[in-house]
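Data block below; observations after.
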Amino acid sequence: MQKSPRRSSVPAATPDRFGPEYYRRFYDDPATRVADAEGVSVLAGFVAAYLRYLDLDVRTILDVGCGHGHWRTAANSSWPRAKYHGVEFSTHLCERFGWTQGSVVDFDPQAAFGRQRFDLVVCQGVLQYLDDRAAARALQNLARWCDGALYLEALTARDWRENCDQKRTDGDVHLRTGAWYRQRLQKHFRTAGGGVFVAKRAPVAFFELEAP
């Protein structure tokens with residue numbers, strides 16, 4: 001198993017780390033934010049169109065690390081009949097938006113929402129805040145919860161070096177290789193491209209050149 005790069009200075013991923021100042025910098029301030037509602041709307045539109053092409057019906061959505069709720073807003077347009085469930089680790093955002101508080105590492109959706117599996121699971125910008133052990137456990141949970149498709153975004157070491165705007169992106173994270181994630185995802189998912197992973201138990205047939 002390939003070892004991941006480590007950063008000894010990464011702060012602990014506690015709910016208090018993700019307080020008002022963190023969200024002001026990375027999500028509220030137009031001059032420094034890394035994502036906004038418009039960008040997520042475009043992304044969700046792509047995911048929705050791809051899942052329609054794959055004939056995957058989305059009736060239930062679990063968004064783990066839902067933040068400001070941009071995926072919920074986008075879901076109202078892309079999947080208007082779907083039931084959306086948002087889970088957030090930050091105490092600040094749970095108080096601000098009323099999210100269900102929980103961590104992707106140990107959350108129990110059955111206890112919180114009365115269901116264990118969902119047609120679409122979203123986990124955007126979360127796993128890089130977890131150490132290797134916690135991130136591996138989180139990936140197992142995502143596989144257990146997903147009946148259809150997973151949208152996953154996690155900053156990798158290569159992304160930090162080559163792809164992201166380091167002035168806007170939080171670099172105090174665990175920077176692993178893409179291979180580290182793929183090795184753990186391939187047991188339960190087929191890679192569909194664009195950050196979309198289709199559960200192996202989902203009734204989807206890919207032509208050979210459709211999936212990376």
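What translational D, rounded to a whole number of µm²/s, comes out for segment 43-103 from Stokes-Einstein when the hydrodynamic radius is the Kirkwood one over Cα pairs, at 37 °C and 0.692 mPa s? If you can, show how the numbers build up before the last one.
On the way: Rh = 12.1 Å.
Estimated via Stokes-Einstein, D reaches 271 µm²/s.
Would you compute, from DSSP H runs of 4+ residues alone, the mean residue ellipticity of the chain at 222 nm, taking -39500 (n - 2.57) per run and dividing by the full residue count, rounded to the nearest 500? All intermediate terms of the calculation are to be shown ahead of the outcome.
On the way: 7 runs with 64 residues, N = 212.
Result for the chain: -8500 deg cm²/dmol, rounded to the nearest 500.
Ranking request for peptides 88-94, 206-212, 77-83, 164-170: highest mean number of other beta-carbon atoms within 10 Å first, then the rest in descending order.
Working: 88-94: 21.0, 206-212: 9.3, 77-83: 14.6, 164-170: 12.6.
The most tightly packed comes first, giving 88-94, 77-83, 164-170, 206-212.
Give me the extension gain from PHE113 to ARG24: residue separation times 0.36 nm, minus the current Cα-Cα distance, reported in nm with one decimal. Before the final figure, lay out each step's value.
On the way: separation 89, 0.36 × 89 = 32.04 nm, distance 2.96 nm.
Stretched out fully, the PHE113 to ARG24 stretch lengthens by 29.1 nm.
For segment 42-165, what's the relative contact order in percent, using C-alpha pairs closer than 8 Å and at least 6 residues apart?
Relative contact order comes out at 25 percent.
Run through the DSSP bridge list for the chain and note the antiparallel percent, rounded to the nearest 5.
Taking every DSSP beta bridge with both residues in the chain, the antiparallel ones total about 30 percent.
LYS83 to ALA31: extension gain in nm, 0.36 nm per residue of separation minus the Cα-Cα distance? Mind dumping the intermediate values first?
Numbers: separation 52, 0.36 × 52 = 18.72 nm, distance 3.34 nm.
Length difference between fully extended and current span is 15.4 nm.
Which FRET efficiency value, to the nearest 0.05, do you get for ALA202 and ALA49 by plugging their Cβ-Cβ distance into 1/(1 + (r/R0)^6) with R0 = 25 Å? Numbers along the way, then the final one.
On the way: r = 17 Å, r/R0 = 0.68.
E between ALA202 and ALA49, to the nearest 0.05, is 0.90.
Which of the following values of semi-axes √(5λ) of the Cα gyration tensor in Å was calculated from the structure shown: [x] 25, 21, 17; [y] 27, 22, 15; [z] 35, 21, 12?
This structure yields the entry labelled [x].
With +1 assigned to the C-beta of every Lys and Arg and -1 to the C-beta of every Asp and Glu, and no other charges, what is the dipole magnitude of the chain about the Cα centre in debye, to the nearest 20?
Working: 29 positive and 25 negative charges, 125 e Å.
The calculated dipole for the chain is roughly 600 debye.
Since every read-out is calculated from the coordinates, none of them should be taken as a lab result. Small disclaimer: the values here were computed from a predicted structure and weren't measured. Methodologically, a virtual Cβ is constructed for each residue, glycine included, from the backbone with ideal geometry; neighbour enumeration extends over all protein chains shown.
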